[in-house]
Amino acid sequence: MKRGRVNITSKCQGFSSTEGRIKRQKPGPLGSSLAQRPAEDWGSLPHHVVLHIFQYLSLVDRARASSVCRRWNEVFHIPDLWRRFEFELNQPATSYLKSTHPDLIQQIIKRHAQHLQYVSFKVDSCTESAEAACNILSQLVNCTIKTLGLISTARPSFMDVSQSHFVSALTVVFVNSKSLSSIKIDDTPVDDPSLKVLVANNSDTLKLLKMSSCPHVSPAGILCVADQCHGLRELALNYHLLSDELLLALSSEKHVHLEHLRIDVVSETPGQTHFHTIKRSSWEALIRHSPKVNIVMYFFLEEEEFEPFFREETPVTHLYFGRAVSKEMLGRIGLNCPRLVELVVCANGLEPLDEELIRIAERCKNLTAIGLGECEVTCSGFVEFVKMCGGRLTQLSIMEEVLIPDNSYNMEQIHSEVSKHLGRMWFPDMMPTW
C-alpha cells in the first residue's frame, strides 16, 4: 500500500509539473502577443522599395500615399518618379475618363518640370482639353524633355485650337528641351516654321517623328527635317509629304539607316484628290542605303483613286487597305511588291481572289501575315495559297464568310487541310482580329 501511494503521489507530482510547463507555454491574449513582436514600420522601408511601388500607382494614389508619413513624402518628390508622366485632360461633361487634377498639374509644373523627360498628353474630343494641354506646354520652360506625345483619344481636338496658340506652346518645348529624341504630333496644326525651330535645337538627338495628318506642313518642311536630322530612324507622314527629294535625303551618306517609314494615303476629298507618283529610282536609293527598312502604307481611298500606285516595283513591306480595293490593284501588288511581309484587305468585291493570292504567294517570298475581311476566295484557291506559303505564315486571319466551298473542300474539311500545311492548328475567324 505504501509503495502504491508513493507511486500515485509521484505520478501526480509529475503530472502537476508537466501541467505547469504547459500553462507557462500557453500564449497570452492577442494584444500581449503583438506587443511582444517587433513593430512593423512601413515608414522605414528603403527609398528604392517605396519608389518602385509608387511607379505602379496613379498620380492620385501617389499623392494620397505621400501624406502617410514624411519618408513617403520624400519619395514622392524624388526626380526619378517624375521622369515619365502622362497628363490626362478630359471634360466631365463629354468624357467618362478621369482627368489629372488641376492642383496636381500646378504642383508638377512648379516642382518637377525640370525632371520631366518622357511626357505625353491624352486629350478627349473637347477643344478645352487641347487648349489646356497647350497651356501646360507653354509653362515647361525649364524642361529637358526627351519624348513628347500628343494623343487625341477621340476626334483630333488639337486641330480646333488656334494655330498660333498651338505653335507657340510647342515652340517652348522645342527651344528649351534641346534633347528631343521622339515626337508624336499626329493630327495637329504644326507648321513648317515650328519644324525649323525643332531642327535648329534638336537635330543631333531626334530619332523618331510621327506627324500624320498635319495639313500645315509642306514637303519642304519635312525635307528640312530629313536634311538636318541625320539620326532620324522612324518617320510617319501623309503621302502628300512624300517626295523623291525626301527619299534621296534619307538615303544620303550622312544619314543613319532608316528603320521604319509609315505613309498614310488618305483622300481628304474622295474622287477629287490627285496623287503623285514616286520614281522607282528614289525607292531603290532608299533600299540601297537602308536595306532593312520597314515601309508601311495605310490606304483609305476609293477604288478609282488607286491608279498611280504600284505601277512599278515598290519596296513596301506592310500594306493595309481600310476600304475596298480592286482585283487589279491586288494583282499589281503580286507583281511589284516583292518585299511584302504583311497584307490586310478589309474589303474587296464579289469576285474570287484566287489568282491574285496565288501570285502574291509566288512573288512575295517574305510574306508572313495576311488578313482578309469582306472578300471571296474559293476553298481550293485558299488551300493552294497556304500550301505555297507554308509554315512561314505566322498570322493567317481569314473570316469564315470569305471562303467559298467547292468540289474539292467544304468548310468542315478546310481547317484540317490548312492546318496540315501550316504545321499547326488553324480555324477561320468569326470576327476580324486585325
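The values are calculated or read from the model by the stated rules, or taken from the named source; none is laboratory data. The structure presented is a predicted model; accordingly, all values stated were derived computationally and were not measured. Every residue, glycine as well, gets a Cβ built from its backbone with ideal geometry; the counts of neighbours run over all protein chains shown. Surface accessibility is based on the protein's heavy atoms, side chains included, excluding ligands, DNA and RNA. Shrake-Rupley method; radii C 1.70, N 1.55, O 1.52, S 1.80 Å.
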Next item on the list: Give me a count of the residues in the stretch 338-394 that are of a type in the set (Asp, Glu) and in contact with a strand residue (DSSP E or B) (Cβ under 8 Å, 6 or more places away or on another chain).
Entry: 4
Notebook entry, point to check: Do we have any residue at all in the stretch 272-280 that's under 23 Å from residue 198 (Cβ atoms) and either part of a loop (DSSP other than H, G, I, E, B) or in contact with a Ser or Thr (Cβ under 7 Å, 6 or more places away or on another chain) (or both)?
Noted result: no
Check: residue 80 passes all but one of (1) open to solvent by 70 Å² or more (accessible area, probe 1.4 Å); (2) closer than 18 Å to residue 171 by Cα; (3) in a helix (DSSP H, G or I); which number fails?
Finding: (2)
Next item on the list: Enumerate the helices (runs of 4 or more DSSP H) found wholly within the stretch 307-398, keeping only those where 1 or more residues are free of Cβ contacts under 8 Å to residues at least 24 places away in the same chain.
Entry: 327-336
Checklist line | Complete set of residues in the stretch 214-232 that are in a loop (DSSP other than H, G, I, E, B) and buried (at least 20 other Cβ atoms within 10 Å of the Cβ) | finding: 214, 217, 229, 232
Check: Scanning the stretch 112-132 for residues that are crowded, with 23+ Cβ neighbours inside 10 Å and of a type in the set (Gly, Ala, Ser), which turns out nearest to residue 161 (Cα to Cα)?
Finding: 130
Next item on the list: Please work out which residue is most open to solvent (accessible area, probe 1.4 Å), limiting yourself to the stretch 133-153 and to residues that are closer than 18 Å to residue 210 by Cα and aliphatic (A, V, I, L, M).
Entry: 151
Next item on the list: Determine which single condition residue 108 fails, assuming it passes every other condition in (1) surrounded by fewer than 17 Cβ atoms within 10 Å (Cβ to Cβ); (2) of a type outside the set (S, T, N, Q); (3) touching a residue at least 24 places away in the same chain (Cβ under 8 Å).
Entry: (1)
Check: Looking at the stretch 195-213, which of its residues are of a type in the set (Val, Ile, Thr) and outside any helix (DSSP H, G or I)?
Finding: 205
Checklist line | Members of the stretch 304-356 found to be surrounded by fewer than 17 Cβ atoms within 10 Å (Cβ to Cβ), more than 21 Å from residue 386 (Cβ to Cβ) and charged (D, E, K, R), listed by number | finding: 304, 307, 311, 312, 313, 323, 328
Next item on the list: Within the stretch 379-414, work out how many residues are surrounded by fewer than 13 Cβ atoms within 10 Å (Cβ to Cβ), within 35 Å of the chain's Cα centre (by Cα) and polar (S, T, N, Q).
Entry: 2
Next item on the list: Quick one: which residue in 290, 267 is surrounded by 15 or more Cβ atoms within 10 Å (Cβ to Cβ) and under 22 Å from residue 346 (Cα atoms)?
Entry: 267
Notebook entry, point to check: Taking residue 51, is it open to solvent by 50 Å² or more (accessible area, probe 1.4 Å), modelled with pLDDT of 50 or more and aliphatic (A, V, I, L, M)?
Noted result: no
Next item on the list: Only residues that are under 15 Å from residue 121 (Cα atoms) and not charged (D, E, K, R): list them for the stretch 162-188, please.
Entry: 166, 169, 170, 173, 182, 183, 185, 188
Note to self: For the stretch 173-185, check the following and say yes or no: at least one residue is open to solvent by 50 Å² or more (accessible area, probe 1.4 Å), in contact with a Lys or Arg (Cβ under 6 Å, 6 or more places away or on another chain) and not β-branched (Val, Ile, Thr).
What the structure shows: yes
Next item on the list: Give me the pairs, please: first residue somewhere in the stretch 236-264 and within 15 Å of residue 284 (Cβ to Cβ), second residue anywhere and of a type in the set (Gly, Ala, Ser) and surrounded by fewer than 19 Cβ atoms within 10 Å (Cβ to Cβ), beta-carbon distance under 7 Å, and either six or more positions apart or on two chains.
Entry: 244/282; 247/282; 247/285; 248/282; 248/285; 251/285
Checklist line | Residue among 274, 260 that alone is open to solvent by 70 Å² or more (accessible area, probe 1.4 Å) and more than 17 Å from residue 312 (Cα to Cα) | finding: 274
